[in-house]
Each structure stands twice: as C-alpha cells, then as structure tokens.
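The values are calculated or read from the model by the stated rules, or taken from the named source; none is laboratory data. Not measured: the values here are computed from a predicted model. Methodologically, a virtual Cβ is constructed for each residue, glycine included, from the backbone with ideal geometry; neighbour enumeration extends over all protein chains shown.
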Amino acid sequence: MIDVLPPGWVMMLGSPLLLLLPKAVRSYAALVLSVLSLALFCFIHPSAATLELFGLALQPIRVDALSWPFVIVFHIAAILSSIYSLHVQDLRQQISGLVYAGSAIAACCAGDLVSLFLCWELTAISSVFLIWASDTPASYRAGMRYLIIQVSSGVLLLSGAIIQLVETKSIAFVGMVNDDSPLSLGSWLILAAFGIKAAFPLLHNWLQDSYPQATVTGTVFLSAFTTKLAIYALARGFPGLDLLIGIGCVMTLFPILFAVIENDLRRVLSYSLNNQLGFMVVGIGIGTELAINGTVAHAFCHILYKALLFMTMGAVLFRVGTCKGTELGGLYKSMPLTTIFCLIGAGAISGFPLLSGFVSKSMIISAAGEEHLLWVWMVLLIASAGVMEHSGIKIPFFAFFAHDSGKRVPEAPTNMLIAMGGAAALCVGLGVAYPLLYNILPFSTVDHPYQPYTTPHVVAQLQLLGFAALAFVFLIKFGLYPAEERATNLDTDWFYRKAAPKVVRWLGTAIRTVDQQIRMMFISQLKNLLRLMRSVFGERGAMGSTWSTNIMAFWATLMLVVALLLNYLNMLR
C-alpha cells in the first residue's frame, strides 16, 4: 500500500496524530514525520500509480526527472522549517505546517489535473492558518485576502481542467504548448491559475501582503512551497511559451523599486522573492534544456537561501520584536551567528561565486545568451545587480549594521541556529559541489556539461556585484539612498486597500441617493392619488356628497331607459 500513496502522505495523514501527543513533544513529532516522509520517498522510489474514478483516469503519483528535484528540496525545506519551529507549541502551526508541506509535495507528483487541483486547494487552505496564527487584526485581514486569492486560483484551475476534459477527453497534466496552434481556453485558465500562485505582475501583491503578517516560523514555511509549486506547474505545463519570457522579465525588474523604499525587511524579502521567481519564469519561457535545467536548479537553490534569509529576519523579529529597518542596526554585536548566516544567504541570492545562487542563476542567463535573446540577457543582468542591492546589501546592512539602535538581545534560540546553519551549509555546499545538483536536473548534463566556474563568468559576475556594492556605498555616503521611513508602501494592493473601499463607499452613497429619490417620488405620487380620491369620494366630492331624491330618481329613470333600449336592440338581432 505504501508505494501507491503519493509522497507527502506521511506528513498529511500523520498531522492529526499530534492532537494525541503531549505539548512538549509535538514539534519533535512533526520533525520526525518530515524525515520519515523523505526516507520513504528515497527508499521506496514511487514512480507511478493510476486509478479509475467516475470514469476518469487519475494518476496521483508520477515521479519523473522534473518532479524528483522538487520533491527532494520540498522535503529538505520541511525538515529545516520543522527544526526552526521546535520551540513553537502552537498546535495550529504544527498541523497546518505539516499538511501544507505534505500537500505541496503531493502536488508535485500529480499526473492529472484533478489530483493537482485537490492538492492545490489543500495547500491554500492549510497555509492560511500560518498567517492567522499571528492573532492580530492585520493578520486576519491579510489571511482572508490571501485565502480568497488562492482559492480563486484553484477555481480557475478546476475550470480549465473541466474545459480540457470536454475538449480533449483527458485530464492528464502534460505540456499544453503547441507551436502549431494557440492555447485553448482551458489552457489559458490553467495558465492564469498558475500565474496567480507564481505572483505574476499585477497578480503578485498577495505575497507582500500576507507573508510579513505570518508568524515568525510560518513565513519560513510559506517562502518554500506556494510559489515554487507554481514554478513546477509552469515548467510542467507551459515550457517554451514565449509569453512567459516577457512576464518573467517584468517580474525581475519591478520589485527592485519597491524593495529599495520598503522599511519592513520581511516585505523586502517578499519583493526579492518576486524578483527571483522572474528568473525562473524566464527560463520556462525560453524552454530549452539548459533553460529548464537552470529553472529547476534555481528553484532548488532559491528555496534554501530564501528560507535562510527569512529565518534570519524571523530570528531578529523573535528577539527584537520588529523587522523595521528604522528600528534595527548594530545587532551584529549581540547576534553574531545570525549575522553570519544572513550574510551567507545574502551572498547566495546575489550570486557570489562558491555559493548556490551563482551556479543556478547563471544557467538561465547563459540560456538566454545561447538563444541570442540580447534584451532578455541584459534585463537579467540588471536584475542581478538589483537583487544584490536590496537583498544582498540592504537586508544585512540595515538589520545588523547601519546605525546602532542600542538594542542588545540574546542570540537566536539553538534550534533556530541549527536550522539556519543547515541552510547556510547547503548554500555553500551546492555552490562548491554543484555537480551533485546538476546530476538530479531534468535533462542530462553528461553529454553537454555546463561549467559555471569559467574565468569570463566569474570575472563578469564579480564586476557586476562589485559595481552594485559601489553604487550602494556611493548613495549612502552622499545621502542619496531612499531613507527608511515608518510607512506602509502600497503596490497593486492600492486597488483593493484604497480604491476598492472608496468605490464601494461611492456606490453605497449613490445607491442610497437613488433609493431615496425613488421613495420620495413614489410617496409624492401616492399623496397626489390620495388627494384625488378624497376630491372625488370625500364628503364634498362628486361621489361622496349627499344627493337629493329628485336627482336619484332622474339617474334611476335614465338607467332604466338605457336598459330597455339595450334589450330592444338585442331583440332586433
């Protein structure tokens, strides 16, 4: 039976058992379930399982070259997040974190759209509790917005699957891009569903809205699964779709502007997440073997270094109580290990040689160059410099250095340091022993191996990072860098946080005004009718006043004459 259950089932089915365990051991049990799930996946090697349901051929398990690396890194992220959360005794977070990770793993192994939809919605429903667990009014509102958007993505996915079933008589989750014909309506709906979860431009702000409102540990879980599941789905369903190249380029650039002026460092990391997703979307759009390999490798590395950065900011929030850049600084004196781990994560996301980001991001940039997409290649280089500025420099600088805030707090708890240390070790290990990563990529690199550590590439990357650092120092030195301000910067959420309430209030006022006018007109006409009725049937009206006997006799005689006349005419017929 075990080999016909989708990977991640141990975490999903085992999570209710936490209800039966003592509070002190629940966190450790969650960690054990994550480790057990990885062990079962690696040793049983599930590959395929099919079943019939209501005449539909479902394939809940399909583990191939594309899904394998995602399942592995999702398990690693779940284990690291569980270690990071060992101090948490909130049952909501423990159960929702396990179900969330397990359903994301199962979704990566879904071979049909129905199985994908079930796991897709389960990730949305389970993850929202990581936001609500903050128990603040702001987190509740952000969680509701997050849930509405995520469930809407599932509705689009299900609608697309139904249309696909009607048109093709199949619900298999396969590539939907055909060079000989445009995308079908079902494919467009499915692409929109994936785009929402991947935080496409104008559909992205649920990420910056919700992630910073989650708990310290919940944000680490959230950073690993939702968006990368969408990247996997795009790579599975839409490789080589040219539209994704332009979308990805926009995704890499626009977050840079918002991240520069943002004061909340967890929101900065959320914008940085948008930026990195853009690289992956570009790789999927290019669609070549090197580009897809680069996308998968970058997703693998990104999950780890982004989780590491969210861990370090979570540790700061846990100890200091804030992640506002205006209220931090000088923490390297009291949190030296967290500072070191943050610098490693910042170096990895920036693409420093010997760190993981260098060996993955370069594959996508090289793929753009090999396809002679000069403008794409230039955009990705600019975006690389931008991420160096807002995540590679701004995050550690304003959190641990900059001005001394005077705050002296204890170092992060031991379990947090262990999780951060594990993630940092993987960032370094993948950057050095990169063949281990390349060997699990979807397309073989044996015949055409990719070499990241070439002299031109290393020199060019160091020059790019060096000039980005120099620009930051110049702007700070001469006071040109945007000042950190205690403010909430609105993005596309302006439409539903500012514009939508105003529109609703305006509509409410307009509806009330029209309603009042209609009521007044009706009442006015009703009064006129009553006055007319009183004038006719009232005491002084023609029909209501007292008539004399002579008049009544006249009318009776007249009516009798009319009756006799009608009867006579009827007899003539």
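Against the condition farther than 18 Å from PHE173 by Cα and not acidic (Asp, Glu), how does PHE194 come out, does it pass? Give the derivation first.
Values: farther than 18 Å from PHE173 by Cα: no; not acidic (Asp, Glu): yes.
Taking the combined requirement at face value, the residue does not satisfy it.
Yes or no: segment 8-25 includes at least one residue that is under 25 Å from THR227 (Cα atoms), outside any strand (DSSP E or B) and in contact with a strand residue (DSSP E or B) (Cβ under 7 Å, 6 or more places away or on another chain). Spell out the reasoning first.
First pass over segment 8-25, keeping only residues under 25 Å from THR227 (Cα atoms): 8-15.
If we keep only those that are outside any strand (DSSP E or B) as well, we get 8-15.
Filter again for in contact with a strand residue (DSSP E or B) (Cβ under 7 Å, 6 or more places away or on another chain), leaving none.
No.
Quick one: which residue in LEU234, LEU202 is in a helix (DSSP H, G or I) and either within 17 Å of the chain's Cα centre (by Cα) or buried (at least 24 other Cβ atoms within 10 Å of the Cβ) (or both)? It would help to see each step written out before you state the result.
Details: LEU202 fails: in a helix (DSSP H, G or I).
Of LEU234, LEU202, the one residue that is in a helix (DSSP H, G or I) and either within 17 Å of the chain's Cα centre (by Cα) or buried (at least 24 other Cβ atoms within 10 Å of the Cβ) (or both) is LEU234.
Being in contact with a helix residue (DSSP H, G or I) (Cβ under 9 Å, 6 or more places away or on another chain), surrounded by fewer than 16 Cβ atoms within 10 Å (Cβ to Cβ) and of a type in the set (Ser, Thr, Tyr) is the filter here; which residues of segment 414-470 pass it?
SER444, TYR453
Given the conditions (1) at pLDDT below 95; (2) under 25 Å from the mean Cα position of the chain (by Cα); (3) not hydroxyl-bearing (Ser, Thr, Tyr), report the number of the one that ALA423 does not fulfil.
(1)
Would you mind telling me which numbered condition in (1) buried (at least 24 other Cβ atoms within 10 Å of the Cβ); (2) not in a helix (DSSP H, G or I) PHE221 fails?
Unmet condition: (2).
Picking from ALA39, ALA57, which residue would you name as being over 24 Å from the mean Cα position of the chain (by Cα), under 26 Å from ALA161 (Cβ atoms) and either among the small types (Gly, Ala, Ser) or not assigned by TED's automatic domain parsing to the domain that holds ASP112 (or both)? Before you say what the answer is, go through the steps one by one.
Working: ALA39 fails: under 26 Å from ALA161 (Cβ atoms).
It is ALA57.
Select from segment 89-114 the residues that are touching a Lys or Arg at 6+ places or on another chain (Cβ under 8 Å) and in a loop (DSSP other than H, G, I, E, B) and write down the one among them that is surrounded by the fewest Cβ atoms within 10 Å (Cβ to Cβ).
Once the filter is applied, the top-ranked residue is GLN89.
Only one residue in ALA402, ALA385, ALA412, ALA423 is more than 30 Å from ARG319 (Cα to Cα) and either in the same structural domain as GLY321 (by TED's automatic domain parsing) or part of a helix (DSSP H, G or I) (or both), so which one is that? So that I can check it myself, show each step before the final result.
Details: ALA402 fails: more than 30 Å from ARG319 (Cα to Cα); ALA412 fails: more than 30 Å from ARG319 (Cα to Cα); ALA423 fails: more than 30 Å from ARG319 (Cα to Cα).
Matching residue, one of ALA402, ALA385, ALA412, ALA423: ALA385.
What number of residues in segment 296-322 are outside any helix (DSSP H, G or I) and crowded, with 24+ Cβ neighbours inside 10 Å?
Step one: list which residues in segment 296-322 are outside any helix (DSSP H, G or I), which gives 321-322.
Checking the rest, the ones that are also crowded, with 24+ Cβ neighbours inside 10 Å come to none.
Result for segment 296-322: 0.
Yes or no: ARG145 surrounded by 16 or more Cβ atoms within 10 Å (Cβ to Cβ), basic (Lys, Arg), more than 21 Å from ARG236 (Cβ to Cβ) and at pLDDT below 95?
yes
Does THR226 count as among the β-branched types (Val, Ile, Thr) and not assigned by TED's automatic domain parsing to the domain that holds GLY283?
Working: among the β-branched types (Val, Ile, Thr): yes; not assigned by TED's automatic domain parsing to the domain that holds GLY283: yes.
In short, yes.
Can you give me the number of residues within segment 14-44 that are within 23 Å of GLY218 (Cβ to Cβ), touching a residue at least 40 places away in the same chain (Cβ under 8 Å) and not small (Gly, Ala, Ser)?
Going through segment 14-44 one residue at a time, the tally reaches 10.
For segment 115-130, indicate whether the set of residues that are more than 22 Å from SER82 (Cβ to Cβ), touching a residue at least 40 places away in the same chain (Cβ under 8 Å), crowded, with 21+ Cβ neighbours inside 10 Å and touching a strand residue (DSSP E or B) at 6+ places or on another chain (Cβ under 8 Å) is non-empty.
yes
For LYS169, state whether it is of a type outside the set (A, V, I, L, M), at negative phi and either surrounded by fewer than 21 Cβ atoms within 10 Å (Cβ to Cβ) or not assigned by TED's automatic domain parsing to the domain that holds LEU309 (or both). Please lay out each step first, then the result.
On the way: of a type outside the set (A, V, I, L, M): yes; at negative phi: no; either surrounded by fewer than 21 Cβ atoms within 10 Å (Cβ to Cβ) or not assigned by TED's automatic domain parsing to the domain that holds LEU309 (or both): yes.
Taking the combined requirement at face value, the residue does not satisfy it.
Let's see how each residue does on (1) crowded, with 24+ Cβ neighbours inside 10 Å; (2) in contact with a helix residue (DSSP H, G or I) (Cβ under 9 Å, 6 or more places away or on another chain); (3) at pLDDT below 90; (4) farther than 25 Å from GLU262 by Cβ:
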| residue | (1), (2), (3), (4) |
| --- | --- |
| ALA346 | yes, yes, no, no |
| SER350 | yes, yes, no, no |
| ILE364 | yes, yes, no, yes |
| ALA368 | yes, yes, no, yes |
| VAL376 | no, yes, no, yes |
| LEU380 | yes, yes, no, no |
| GLY386 | no, yes, yes, no |
| HIS390 | yes, yes, yes, no |
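Residue by residue through segment 276-291, note down the ones that are surrounded by fewer than 24 Cβ atoms within 10 Å (Cβ to Cβ) and assigned to a helix (DSSP H, G or I). Give the steps one after another, and end with the answer.
So the first thing to find is which residues in segment 276-291 are surrounded by fewer than 24 Cβ atoms within 10 Å (Cβ to Cβ), and the list is 287-290.
Result: GLU289, LEU290.
Looking at segment 2-31, which of the residues that are touching a helix residue (DSSP H, G or I) at 6+ places or on another chain (Cβ under 7 Å) and of a type in the set (Val, Ile, Thr) is surrounded by the fewest Cβ atoms within 10 Å (Cβ to Cβ)?
Among residues in segment 2-31 that are touching a helix residue (DSSP H, G or I) at 6+ places or on another chain (Cβ under 7 Å) and of a type in the set (Val, Ile, Thr), the one surrounded by the fewest Cβ atoms within 10 Å (Cβ to Cβ) is ILE2.
Which residue is farthest from GLN94 (Cα to Cα), if the candidates are limited to segment 32-45 and must be surrounded by 20 or more Cβ atoms within 10 Å (Cβ to Cβ) and of a type outside the set (Phe, Trp, Tyr)? Give the derivation first.
At the first step, the residues of segment 32-45 found to be surrounded by 20 or more Cβ atoms within 10 Å (Cβ to Cβ) are 33-34, 37-38, 41.
Then keep just the ones that are of a type outside the set (Phe, Trp, Tyr); that gives 33-34, 37-38.
Working: LEU33: 11, SER34: 12, SER37: 16, LEU38: 18 Å.
So the residue we want is LEU38.
To keep it simple, each residue is scored yes or no on (1) farther than 14 Å from LEU373 by Cβ; (2) among the basic types (Lys, Arg); (3) in the same structural domain as ILE476 (by TED's automatic domain parsing).
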{"site": "VAL250", "(1), (2), (3)": "yes, no, yes"}
{"site": "ARG266", "(1), (2), (3)": "yes, yes, yes"}
{"site": "LEU273", "(1), (2), (3)": "yes, no, yes"}
{"site": "GLY283", "(1), (2), (3)": "no, no, yes"}
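For segment 5-55, how many residues meet the condition of being modelled with pLDDT under 80 and not charged (D, E, K, R)? Show your work before the answer.
Start the filter on segment 5-55 by keeping residues that are modelled with pLDDT under 80, which leaves 5, 44-55.
Within this subset, residues satisfying the condition of being not charged (D, E, K, R) are 5, 44-51, 53-55.
Residues in segment 5-55 being modelled with pLDDT under 80 and not charged (D, E, K, R): 12 in total.
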